[in-house]
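Student: Here it is: the structure, laid out below.
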Amino acid sequence: MNFDRLKEKLEILADAAKYDVSCSSSGGTRKNKKGALGDSSISGICHTYTEDGRCVSLLKVLLTNHCIYDCAYCVSRSSNDIKRAAFTVEEVVDLTINFYRRNYIEGLFLSSGIFKNADTTMERLVRVAKKLRLEENFNGYIHLKSIPGASDELMQEAALYADRLSVNLEIPTESGLKLLAPEKNRAEMISPMRYIQKGISQYNDEKKIFRKVPKFAPAGQSTQMIVGATNENDLQIIKVADHFYKNYNLKRVYYSGYVPVLEDKRLPSLTTEVPMLRENRLYQSDWLMRFYGFKAEEILDPNLPFLDLEIDPKLSWALRHLDQFPINLQTADYQMILRIPGIGVKTAKKIVQARRFQILNMDHLKKLGAAVNRAKYFIDFNAGNVFLKYLTNQNLKKLLIGGSSSKFHNQFSQQLTLF
Amino acid sequence: MTTLLYDGSFDGLLTAVFEVFEYRYKDVEIFGKNQYHQENIFAETHEVVTQTEKAERVFKKLEENIGRSGIHQLLKVFLSEDPESERIILSAIQLSVQHPHENILQNYADNDILKISKICKSVDRERHRMTAFVRFEKMQDGVFFAKIDPDFNVIPLIRKHFKDRYQDQKWMIYDLRRNYGILYDLENCDFFYPDEKLDLDQYEQKFHDEESQYQKLWQRYFIKTNITERKNLKLHIQHVPKRYWKYLTEKR
């Protein structure tokens, strides 16, 4: 093994892959076989965190950063003058196995620039996964990128060896995609997604009848969109996410705040700040849809197409629906308790359990882990609550954000200054 | 006041709890022998001899009342090494005996129960971190060796995880603070208790030839996968507290 050359390739191909947000190793189980290597569980494990605070759970690299496309937002675009490299199949397998044996990672996330054409690229990705599974007896997590335009046969094979597959939608709107990636088309990006979705549902049907059916993308599919490279609004983004959750059974939609790395007149300037707060609010909205029973239409509507950067979307919803409050902690159903600002899924569950034993008060609520500074204005206890007098106050929002200051304060007005 | 002294094992603690009921002690405290320094000179001490039968009877009763997962929670309190752990466990068991048909561990409005839930959360977090932050280093004899120094005694809680995961390589995980570990030799996965502390002085000289190369690759990967424009050290440290850094290859 030529470690110096390998190190050089790893540096180039990890650097080029870092803008892909997904690093989840969760969502599927794959039990280890006797005497083999690796085991993945439903919750996944983050093994470390980069200095930007993001989780590292998979070895995330490109197979190559040679690419025939010239998408404006991508560092690997063909017209960009950068160092290029390509791993061999053996090198990726060796890195994965050796990192895994040292407990650095949960598995591999392999993506690639598109060289020659879609099928050649996809075939090479599949070959890595296949070698890991069949020759190395590896049962850790494998996430492969579905290459737009790859054939159904290759997608079929990919799903047999990978845990998760994903296609990047790149830009939330079709018009935005046309502007920044004129050679790509949305239909071609979505077709492998549809194929995998059908395959998964067929697998689930067969599983009910036969005991042994080979696993088919057990951790499902995900996608990601770049936020802030074009001028779409948050409502459009949330609607796209909702569409894919509903119609393609996606496990996750990731939002990637655009990091300006390239000079291009179609893109925000290089001095634009990464819209981290906006990205964060989008994730909060995403959580509301997936875990809190909110519908996309409830989070934003056409009159209000952007998320409030000052407060989180749940609090924002509550302030627009004061008529639904106060909520009685002792009698309200779980779904309503989930809608109280400052109360998360875990606390809501604890409340429903604990209230069977005794009548709860503010002190209990605090101890159960609620953010009482927000929750206190929206709750009624059987014994009353002095803070309820503020519920109808014109300045409730000010009151709620009064004590806190955000390090993202300079981003609050970002939507206006983007272009 | 009666002080019960037990041998420091979980079975010993359950035996002690059994004897609290058996002898109808009212005002009672339980201590591990090693932790105990007599402060209350008027206290009567009662030495508990660990008896598996007694421990098992408590175990069975608990299984009926709060289920295996409930017992698992009490075990985590025990492994937390919290100075109050014996008192809290006794308190929970007494509560459970009084209310056999309810899962008293969900009564979060009770102070001791809430403490159990908090301790479990801390222990679970540490357990999870130890599945994440263990870094194996390959030695000349092919064994993958990791040293850890967790705040809580989590080795019994991570054994299964590593046993399931690494079946085709020999490995050891060694708790520096408590001076014991687990060892997997391709056949069995058992605890080991060395007579003296493992000598770590010449440790790195016994690395396998390729070990330092893979460490370098991992360190470079760690740097290159970071997006400098998004730097957020506060978040970084929140996720990877500094006390773990010296054991993390990528942070050295």
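Bear in mind that the values in this text are calculations on the coordinates, not laboratory data. All of these numbers come straight from a predicted model, not from anything done at the bench. Here the Cβ positions follow ideal geometry from the backbone for every residue, glycine too, while neighbour counts run over all protein chains shown.
Student: Which angle between 0 and 90 degrees, to the nearest 10, do you get for helix A:3-15 versus the longest principal axis of chain A when only C-alpha atoms count?
Tutor: Compared with the principal axis, the helix lies near 40 degrees.
Student: Shifting gears a bit: Rounded, prolate or oblate: pick one for segment B:11-159, where a ≥ b ≥ c are the square roots of the eigenvalues of its C-alpha gyration tensor, a/c under 1.5 means rounded, and failing that, prolate if a/b is larger than b/c, else oblate.
Tutor: Prolate shape, in that a/c is at least 1.5 and a/b is the bigger ratio.
Student: What percent antiparallel are the DSSP beta bridges of segment B:96-252, to the nearest 5?
Tutor: 70
Student: Rounded to the nearest 5, what % of DSSP beta bridges with both residues in chain A are antiparallel?
Tutor: Of the beta bridges lying entirely in chain A, close to 15 percent run antiparallel.
Student: Taking H placed 1.01 Å from N in the peptide plane, check which residues at least 5 places from A:Asn328 or on another chain put their amide H under 5 Å from its amide H.
Tutor: A:Asp380
Student: Can you work out D for segment A:299-368 in µm² s⁻¹ from Stokes-Einstein, where Rh is the Kirkwood radius over C-alpha pairs, the temperature is 10 °C and the viscosity is 1.306 mPa s?
Tutor: Estimated diffusion coefficient is 119 µm²/s.
Student: Ok, one more. Please order B:Asp27, A:Asp70 by the number of other Cβ within 10 Å, starting at the fewest.
Tutor: Details: B:Asp27 7, A:Asp70 14.
In increasing order of surrounding Cβ atoms, one gets B:Asp27, A:Asp70.
Student: While we're on this one: What spacing in nm lies between the two simple spin-label points modelled at B:Met1 and B:Gln205, each 7 Å away from Cα in the Cβ direction?
Tutor: Using points 7 Å along Cα→Cβ, the separation is 5.3 nm.
Student: Further question on the same structure: Could you tell me which residue out of A:Phe357, A:Phe387, A:Leu307 lies farthest along the dipole of chain A toward its positive end? Charges go on the beta carbon: Lys and Arg +1, Asp and Glu -1, centred on the Cα centre.
Tutor: A:Phe357
Student: If one computes the Cα centroid of segment A:278-350 and of segment B:229-248, what distance in Å separates the two points?
Tutor: Taking the Cα centre of each part, segment A:278-350 and segment B:229-248 sit 30 Å apart.
Student: OK, next. From the residues A:Pro214, A:Pro268, A:Leu282, which one has its Cα farthest along the dipole of segment A:178-291 in the positive direction, the dipole being from +1 and -1 charges on Cβ of Lys/Arg and Asp/Glu about the Cα centre?
Tutor: Of the listed residues, the answer is A:Pro214.
Student: Run the quick spin-label model on A:His243 and A:Phe3: label points 7 Å from Cα toward the beta carbon, then report their separation in nm to one decimal.
Tutor: Here the modelled spin labels are 5.0 nm apart.
Student: What is segment A:9-98's relative contact order, in percent, from Cα pairs under 8 angstrom and six or more apart in sequence?
Tutor: Over segment A:9-98, the number comes to 28 percent.
Student: Residues in segment A:1-33 near a label at A:Lys346, defined as backbone nitrogen under 20 Å from the 7 Å Cα→Cβ point?
Tutor: A:24-27
Student: Sticking with this structure for a sec: Whose amide H sits under 5 Å from the amide H of B:Glu137, counting only residues 5 or more places off or on another chain, with H placed in the peptide plane?
Tutor: Counting only residues 5 or more places away or on other chains, the set is B:Phe145, B:Ala146.
Student: Using +1 at the Cβ of each Lys and Arg and -1 at the Cβ of each Asp and Glu in chain B, identify which of B:Leu183, B:Val143, B:Ile93 lies farthest towards the dipole's positive end.
Tutor: My answer, from the dipole projection, is B:Val143.
Student: Here is a further query. Quick one: Cα centre-to-centre distance for segment A:152-168 and segment B:135-165, in angstrom?
Tutor: Result: 33 Å between the Cα centres.
Student: Here's another thing I want to ask about it. Set the Förster distance to 35 Å, then compute FRET efficiency between B:Arg177 and A:Lys31 from the Cβ-Cβ distance, nearest 0.05.
Tutor: Computed FRET efficiency for B:Arg177 and A:Lys31 comes out at 0.60.
Student: Apply the Debye scattering formula to segment B:74-175, with a single equal point scatterer on each alpha-carbon and no solvent, then give log10 I(q)/I(0) at q = 0.10, 0.12, 0.18 Å⁻¹.
Tutor: Taking Cα atoms of segment B:74-175 as identical point scatterers yields -0.38, -0.51, -0.84.
Student: In addition: Can you return the lysines within cross-link range of A:Lys246? Criterion is Cα-Cα under 17 Å, with same-chain partners fewer than 8 residues away left out.
Tutor: Partners found: A:Lys198, A:Lys295.
Student: Alpha carbon centre of segment B:24-96 versus segment A:1-25: separation in Å?
Tutor: What the calculation gives is 51 Å, centre to centre.
Student: What value, in deg cm²/dmol to 500, does the helix sum -39500 (n - 2.57) over DSSP H runs of n ≥ 4 give at 222 nm once divided by the residues of chain A?
Tutor: It comes out at -11000 deg cm²/dmol, rounded to the nearest 500.
Student: Quick check for me: using +1 on Lys/Arg Cβ and -1 on Asp/Glu Cβ, what's the dipole size of segment A:1-153 about its Cα centre, in debye to the nearest 20?
Tutor: Working: 22 positive and 20 negative charges, 84 e Å.
For this selection, approximately 400 debye.
Student: While we're looking at this one, here's another question. Could you sort B:176-185, B:74-83, A:134-143 so that the peptide with the highest average Cβ count within 10 Å comes first and the rest follow in order?
Tutor: A:134-143, B:74-83, B:176-185
Student: If each residue's Cβ is checked for other Cβ atoms within 10 Å, how do A:Ser76, B:Ser91 rank with the fewest at the top?
Tutor: The most exposed by this proxy come first: B:Ser91, A:Ser76.
Student: Could you state the angle between the C-alpha long axis of helix B:155-165 and the longest principal axis of the C-alpha atoms of chain B, as a value from 0 to 90 degrees rounded to the nearest 10?
Tutor: Computed tilt is about 50 degrees.
Student: Which order results if A:Glu298, A:Glu153 are arranged by neighbouring Cβ count within 10 Å, fewest first?
Tutor: The most exposed by this proxy come first: A:Glu153, A:Glu298.
Student: For chain A, find the longest principal axis of its Cα atoms and tell me its angle to the long axis of helix A:118-130, 0 to 90°, nearest 10.
Tutor: With both axes taken from Cα atoms, the answer is about 80 degrees.
Student: May I pose another question? GNM on chain A, C-alpha springs below 10 Å: top fluctuator among A:Ala187, A:Ala383, A:Ala217?
Tutor: A:Ala383
Student: Grab the DSSP H runs of chain B that are 4 residues or longer, score each as -39,500 (n - 2.57), total them, divide by all residues and round the 222 nm result to the nearest 500 deg cm²/dmol. Please report the intermediate quantities before stating the final value.
Tutor: Numbers: 7 runs with 110 residues, N = 252.
Calculated at 222 nm, the ellipticity per residue is -14500 deg cm²/dmol.
Student: What is the sum of charges around A:Pro218, taking Lys and Arg as +1, Asp and Glu as -1, for the other residues whose C-beta is under 9 Å from the C-beta of A:Pro218?
Tutor: +2
Student: Something else: So how strong a dipole does chain A carry about its Cα centre when Lys and Arg Cβ are +1 and Asp and Glu Cβ are -1, to the nearest 20 debye? Don't skip to the answer; put the middle values down first.
Tutor: Numbers: 59 positive and 46 negative charges, 329 e Å.
Charge dipole of chain A: 1580 debye, to the nearest 20.
Student: Read phi for every residue in segment A:343-358 and hand back ³J(HN,Hα) as whole Hz from Karplus 6.51 cos²θ - 1.76 cosθ + 1.60, θ = phi - 60°, with x for Gly and Pro.
Tutor: Calculated HN-Hα couplings, in order: 10, x, 4, 5, 5, 4, 5, 4, 4, 5, 6, 5, 6, 6, 8, 7 Hz.
Student: Taking just the C-alpha trace of segment B:119-225, give me its Rg and Dmax in Å.
Tutor: In order Rg, Dmax, the Cα atoms of segment B:119-225 give 14.5, 43 Å.
Student: Further question on the same structure: With +1 on each Lys and Arg Cβ and -1 on each Asp and Glu Cβ, and nothing else charged, work out how big the dipole of segment A:271-357 is about its Cα centre, in Debye to the nearest 20. All intermediate terms of the calculation are to be shown ahead of the outcome.
Tutor: On the way: 12 positive and 11 negative charges, 133 e Å.
The calculated dipole for segment A:271-357 is roughly 640 debye.
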